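The values are calculated or read from the model by the stated rules, or taken from the named source; none is laboratory data. Predicted, not measured: the structure shown is a model, and the values here were computed from it. In this analysis, Cβ positions are derived from the backbone assuming ideal geometry, glycine residues included, and neighbour counts consider all displayed protein chains.
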Amino acid sequence: MAEVTMRDVAKAAGVSEATVSYVVNGHTHRVSAKTRERVLAAIAALRYTPNTIARSLASQTTWTIGLVVSDVVRTPYTSAIKGVERVAVRCGYQVILCNADDNSARLAQASAVLAAKRVDGAVFALSSRQDEDLPINQLVEMNIPVVVINRRPKEPTIPCFLIDNASGTYQLTKQLIALGHRRIACIHLPAAGTRATTAAIERLAGYKQALLDHGLAVNPDWCRTGAPGEEMGDNIGFQHAVSLLRQPARPTAFVCCNDYLAFGVIRACTALGLRVPADVSVVGHDNTSASRYFHPKLTTAEQPMLAAGEQATHMLVELMRQKTGRPLKEGGAHPYQAQSSEGSDETARVSVVVEPQEKDVYRLPCELVMRESIGPYKE
């Protein structure tokens, strides 16, 4: 049986080969929905398979984008994956996903794999650890564009999209103050030493700044160090909350720097016969999937990782187009302007342009998710 070609598909669909190419390469904005359906029907009927090797040789591209994430199962990164893939597919690229598992060796290995596969570009969505270099030298030497999410690379020419974590805890603390709370404790993530992350430092700073801006003193004894992770965070949150709630002048509210710490605090309140939010208000951070099902449903802050994934990929696509000599998008739109997916039931919460505070560094603020775990202060 003779190999089915793009010309055969074009003839069966009654369109040009260029139109078939647009559909195959994902450039569907150039083709009407009706024509696209006709082309796809012809592809299915003829069982046409695009020759990706030939495409790569002809265009000097592999039509692939590498994506390395710290942990594929954790909520912020699943959102980033969705954002990257959504834009990549719409622009005709396939995504090669690598899980670094928050491990330096795995991260270096993933970067080497992407270089070996000669991806057209790469996105790194990582934890904000401060003790770890980003192993992208080989990609940079091969002139492969790279964009980073959630970590500032040492190379000043590498664009990065950072989450403004301080904005989340600042807004949460401000909300508690507005409800009349003055004795507000904070259970934070490690903000010093080898386990410290930029996110942890910023979240603790946001809590403290909100207190100071409203004329409230920071009580060092009410700032307790928790731990990341589900089981460990829940257990340490429980232990710290029991200790603090047994004090004569106990806190009336808790700012927890991740949701699992907050779950532990709520369990402690229940164990001590205190009601949330009638007696104690509790907030978390990250808007994990469990936060909406916990009782009471948790007020929290959400990292805009979906938007970061979309915006980072829009920028990467433009960098790849510039590298190959293709013009920027018509109208000269800034590459970090995220576009919502038409017809999608979920769009990025942060879709506005985030003006860079310095060249190639963009910050996206967190957003409050108001639920049932906070209430007004009562004597």
ask   = Regarding PRO228, is this residue within 16 Å of LEU176 (Cβ to Cβ), part of a loop (DSSP other than H, G, I, E, B) and assigned by TED's automatic domain parsing to the domain that holds ILE201?
value = no
query = So how many residues does the stretch 193-251 have that are out of contact with any strand residue (DSSP E or B) (no Cβ under 7 Å at 6 or more places or on another chain), under 26 Å from THR270 (Cα atoms) and charged (D, E, K, R)?
reply = 6
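Of the residues GLY26, GLY14, which is on the phi > 0 side of the Ramachandran plot and modelled with pLDDT of 80 or more?
GLY14
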query = Can we say PHE161 is more than 19 Å from THR64 (Cβ to Cβ) and at pLDDT 90 or above?
reply = yes
query = Say we look at the stretch 149-170 and pick out the residues that are among the charged types (D, E, K, R) and touching a Ser or Thr at 6+ places or on another chain (Cβ under 9 Å); which of these is surrounded by the fewest Cβ atoms within 10 Å (Cβ to Cβ)?
reply = ARG152
task = Determine if the stretch 358-373 includes at least one residue that is surrounded by fewer than 17 Cβ atoms within 10 Å (Cβ to Cβ), charged (D, E, K, R), out of contact with any strand residue (DSSP E or B) (no Cβ under 8 Å at 6 or more places or on another chain) and at pLDDT below 95.
result = yes
request  = Answer yes if at least one residue in the stretch 195-204 is at pLDDT 95 or above and farther than 17 Å from GLN303 by Cβ, and no otherwise.
outcome  = no
task = Might you let me know whether the stretch 134-146 holds any residue that is out of contact with any Asp or Glu (no Cβ under 6 Å at 6 or more places or on another chain), part of a helix (DSSP H, G or I), free of Cβ contacts under 8 Å to residues at least 24 places away in the same chain and aliphatic (A, V, I, L, M)?
result = yes
ask   = Applying the selection to the stretch 113-127, what residues are in a strand (DSSP E or B), under 10 Å from PRO145 (Cβ atoms) and of a type in the set (A, V, I, L, M, F, W, C)?
value = ALA122, VAL123
